[in-house]
1. Got a number for residues in the range B:52-67 being open to solvent by 10 Å² or more (accessible area, probe 1.4 Å) and not assigned by TED's automatic domain parsing to the domain that holds B:Leu247?
2. Can you say whether B:Ser281 is of a type in the set (S, T, N, Q), within 14 Å of another protein chain (Cβ to nearest Cβ) and closer than 25 Å to A:Ala319 by Cα, as far as the supplied structure shows?
3. Among the residues of the range B:284-304, is there at least one that is within 14 Å of another protein chain (Cβ to nearest Cβ), surrounded by fewer than 24 Cβ atoms within 10 Å (Cβ to Cβ) and free of Cβ contacts under 8 Å to residues at least 24 places away in the same chain?
4. Output the number of residues of the range A:310-323 satisfying the condition of being among the aliphatic types (A, V, I, L, M) and not in a helix (DSSP H, G or I).
5. Can you confirm whether the range B:95-104 contains a residue that is surrounded by fewer than 24 Cβ atoms within 10 Å (Cβ to Cβ) and among the hydrophobic types (A, V, I, L, M, F, W, C)?
6. Kindly provide the set of residues from the range B:176-232 that are within 14 Å of chain A (Cβ to nearest Cβ) and open to solvent by less than 40 Å² (accessible area, probe 1.4 Å), ordered by number.
7. How do the pairs read when you match residues in the range B:28-44 that are over 17 Å from B:Gly60 (Cβ atoms) and assigned by TED's automatic domain parsing to the domain that holds B:Val399 with residues anywhere that are open to solvent by 50 Å² or more (accessible area, probe 1.4 Å) and of a type in the set (Lys, Arg), using Cβ under 6 Å and keeping only pairs 6 or more apart or on different chains?
8. Residue check: is A:Asp129 in a helix (DSSP H, G or I) and among the acidic types (Asp, Glu)?
Protein chains: 2
Amino acid sequence: MSRKWLIKNGAFAVLDTNKPVIHGYMLIEGDKITYVGEERPEGVEGAETFDGKGLLFLPGLINTHGHAAMSLLRGYGDDLALQVWLQEKMWPMEAKFTSEDVYWGTALSALEMLKGGTTTFLDMYDHMDQVGKVVEESGMRAVLTRGVIGLCPPEVQQQKLDEAVAFARDWNGKADGRITTMISPHSPYTCPPDYIEKLVQAAHDLNLPLHTHMSETRAEVQQNVDDYGVRPVQHLLNLGVFSRPTLLAHAVHLTDEEIEVLAAHKVTVSHNPGSNLKLASGIARVPELLKAGVVVSLGTDGPASNNNLDMFEEIRLAALIHKGVSGDPTAVPAREALLMGTDYGAKSLFLDNTGRLAVGMKADFIAVNTEQAHFLPRTDYVSHAVYSAGPKDVEHVWVDGKQVVRNGECLTLDEERVRFEAQSAFEGLLSR
Amino acid sequence: MSRKWLIKNGAFAVLDTNKPVIHGYMLIEGDKITYVGEERPEGVEGAETFDGKGLLFLPGLINTHGHAAMSLLRGYGDDLALQVWLQEKMWPMEAKFTSEDVYWGTALSALEMLKGGTTTFLDMYDHMDQVGKVVEESGMRAVLTRGVIGLCPPEVQQQKLDEAVAFARDWNGKADGRITTMISPHSPYTCPPDYIEKLVQAAHDLNLPLHTHMSETRAEVQQNVDDYGVRPVQHLLNLGVFSRPTLLAHAVHLTDEEIEVLAAHKVTVSHNPGSNLKLASGIARVPELLKAGVVVSLGTDGPASNNNLDMFEEIRLAALIHKGVSGDPTAVPAREALLMGTDYGAKSLFLDNTGRLAVGMKADFIAVNTEQAHFLPRTDYVSHAVYSAGPKDVEHVWVDGKQVVRNGECLTLDEERVRFEAQSAFEGLLSR
């Protein structure tokens with residue numbers, strides 16, 4: 001029989017239009033939420049209770065684009081022109097990454113994400129079995145995908161494709177269903193068209209979504225036009241990418257027509273404001289995308305270009321920068337920004353079982369300590385969550401109904417060991 | 001004899017160009033730093049020692065523009081057009097503020113600021129004696145100024161001027177010298193020219209700097225041109241404002257010529273990125289100001305338009321948004337952003353005794369816990385402080401050589417009482 005427990009005295013961010021926060025009860029049975037409401041539910045006599053006094057319960061935050069292992073390069077190169085940063089800092093170090101490095105880098109990131117209230121993350125990287133292992137151990141939910149770059153001889157292309165397919169097939173549904181997978185051509189500018197077509201076919205064969213970087217920089221859009229005569233959206237459309245459910249990372253530089261195409265094909269977008277600002281890529285047209293009906297979620301991108309995995313910061317940036325840039329203080333209101341970090345996150349990953357505090361959803365949620373100066377006065381908890389909260393306000397985290405963070409301590413990963421090994425891994429990279 | 005104590009095993013952000021962080025020792029005697037260096041200093045046999053292992057010591061953060069008591073209106077109105085927000089939300093409530101409300105609102109803010117690593121703040125508001133009282137009790141350093149609006153009959157103008165002058169005269173040097181004062185016409189659009197001239201004269205008489213809001217919005221600049229035939233910088237120059245040391249809040253909308261005038265007159269600027277974004281005021285020309293030699297510091301503005309008092313966020317925003325908007329990833333590098341939040345903060349407030357970890361400076365500094373995932377690997381502590389740190393990473397805070405936060409707990413204010421009274425004050429405002 002699955003465990004049944006009742007949270008009482010809580011404030012729950014259900015994020016409904018007319019009543020975004022309700023004060024009352026939430027019932028969890030096994031891995032699912034079975035009740036949320038103001039009245040005490042019926043038939044809970046035997047259930048354990050958890051006192052939610054002073055806590056704001058939010059859906060677990062969902063980070064829809066990243067490369068977790070790159071935490072090993074946090075602070076290794078900052079404030080540099082993009083090509084200098086990539087060619088002189090990132091690529092030479094990444095070329096040295098072993099599977100063990102990926103394991104410890106990902107574990108370091110998982111620790112930061114979990115303690116900061118992120119319950120689900122997408123990861124696109126290499127050595128993905130190591131990432132899968134961290135997800136299994138940490139108790140997180142994740143969408144994993146081997147990102148492939150096709151600028152290599154055909155036999156290497158084929159080998160990478162086989163690897164991506166094998167990973168996607170073997171790991172889909174693993175970790176009690178917490179892991180799902182996607183197929184990922186790295187980007188239109190790093191994958192030749194015929195290679196992208198092969199990856200689309202693989203996604204069809206496996207019945208999986210696609211994920212790719214697109215239109216992160218102006219230069220990349222121009223290169224696409226120079227090479228293929230069309231902008232990236234038309235290019236990907238021509239290659240059949242949007243015949244599959246597709247999540248695009250960045251999508252900073254878009255025309256009105258491109259936004260229409262994305263909306264028509266139900267393509268979803270992972271907006272990465274922190275990374276886009278830091279790398280000076282530009283400001284994505286988020287208000288226009290949302291208005292067109294595109295599902296826009298939030299991602300941190302890799303921790304070497306952010307440099308943290310704080311989803312509260314991405315939510316706040318999404319709420320702030322589009323106001324400042326558009327001159328419209330009503331652009332991306334607080335509730336919309338919080339939805340981008342939760343419900344829209346799930347939708348953009350094509351997951352229908354997480355992202356909301358609602359009956360039938362997986363019990364992926366977090367409790368934030370509101371008994372602090374920056375949560376006062378008790379005016380509007382959605383506003384406070386978006387404009388005032390930070391990762392260390394998270395007291396407790398549950399994924400799939402299991403507690404993984406208690407009183408700010410991670411229960412699933414050995415924090416001291418992870419920190420030690422991650423530092424050692426970085427020193428190893430430096431010395432090789 | 002003043003207390004003498006030595007921090008060992010610390011990482012100290014001295015922020016020198018060639019060596020921004022040194023690992024070693026810092027000696028504090030009474031209220032001053034008397035040594036920072038890699039070698040153990042001579043003649044410290046009798047000194048107490050403090051083990052700085054795992055801690056990054058930063059100069060206390062300096063918040064150069066705000067209205068602390070407005071924390072009572074945090075979350076009371078968000079994501080609204082500026083005039084709706086002011087006229088329907090802020091002004092009706094502020095009109096009801098009693099001196100007791102100002103006391104508890106300011107105390108709530110002082111608590112948040114101190115625990116988040118801010119050691120010095122500027123406050124422009126009303127009932128300033130209450131703000132002074134909070135500064136005395138909290139142990140913070142502050143620059144206080146009664147902001148006056150001159151859109152009223154001459155006798156009310158005179159009364160406000162007398163009040164501003166009396167406050168500035170009586171409180172300058174109070175709290176063991178931790179309080180200094182300024183004279184503040186609220187803004188060119190809320191003070192008639194002859195009233196501004198009287199305030200300039202008062203500043204001359206008292207030998208104090210001036211502080212005012214300027215060019216926060218485009219509309220306000222246009223109004224200045226309509227009313228006086230010149231843009232705000234020329235207007236204030238004509239009125240003699242820049243004959244005094246002057247700190248401008250916001251200065252978002254500036255021409256190249258205006259930037260030159262500010263640089264020539266050594267006018268300093270408080271950049272408030274969070275508030276400017278949230279109120280959709282625009283993006284200040286910070287890279288151009290810095291390049292012209294203007295001292296640009298950082299402020300949160302009031303907590304009702306931010307909605308927090310987290311200076312780490314302002315530092316990070318200053319480092320991020322100007323890259324994203326200019327397209328130049330080298331704009332406002334990490335070290336420059338951290339200087340804006342510390343050393344340039346002191347300089348913009350015309351304080352020459354705080355803002356740096358250096359011999360002869362007041363012992364205003366904070367210790368950040370680096371034994372956490374988001375501070376790894378140990379690549380670049382300046383980068384980590386700017387791009388990864390948050391207010392709750394602050395373990396300890398000292399002002400004037402006295403510890404005011406220990407292990408994240410405020411030693412000077414009764415946190416539980418402050419939170420209770422601030423909530424009550426807000427409820428009182430709602431019910432009146």
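1. 3
2. For B:Ser281, the condition - of a type in the set (S, T, N, Q), within 14 Å of another protein chain (Cβ to nearest Cβ) and closer than 25 Å to A:Ala319 by Cα - is met.
3. No; the residues of the range B:284-304 include none that is within 14 Å of another protein chain (Cβ to nearest Cβ), surrounded by fewer than 24 Cβ atoms within 10 Å (Cβ to Cβ) and free of Cβ contacts under 8 Å to residues at least 24 places away in the same chain.
4. 0
5. Yes, some residue in the range B:95-104 is surrounded by fewer than 24 Cβ atoms within 10 Å (Cβ to Cβ) and among the hydrophobic types (A, V, I, L, M, F, W, C).
6. Keep residues of the range B:176-232 that are within 14 Å of chain A (Cβ to nearest Cβ), which gives B:216-222.
Listed by number, the residues that qualify are B:Glu216, B:Thr217, B:Glu220, B:Val221.
7. Between residues of the range B:28-44 that are over 17 Å from B:Gly60 (Cβ atoms) and assigned by TED's automatic domain parsing to the domain that holds B:Val399 and residues that are open to solvent by 50 Å² or more (accessible area, probe 1.4 Å) and of a type in the set (Lys, Arg), the close pairs are B:Glu29/B:Lys4.
8. For A:Asp129, the condition - in a helix (DSSP H, G or I) and among the acidic types (Asp, Glu) - is met.
The values are calculated or read from the model by the stated rules, or taken from the named source; none is laboratory data. Computed from a prediction, not measured in an experiment: that's the story for all the values here. Glycine gets a Cβ as well: all are built from the backbone with ideal geometry, and neighbour counts include every protein chain shown. Heavy atoms of the whole protein, side chains included, go into the accessibility calculation; ligands, DNA and RNA do not. Shrake-Rupley method; radii C 1.70, N 1.55, O 1.52, S 1.80 Å.
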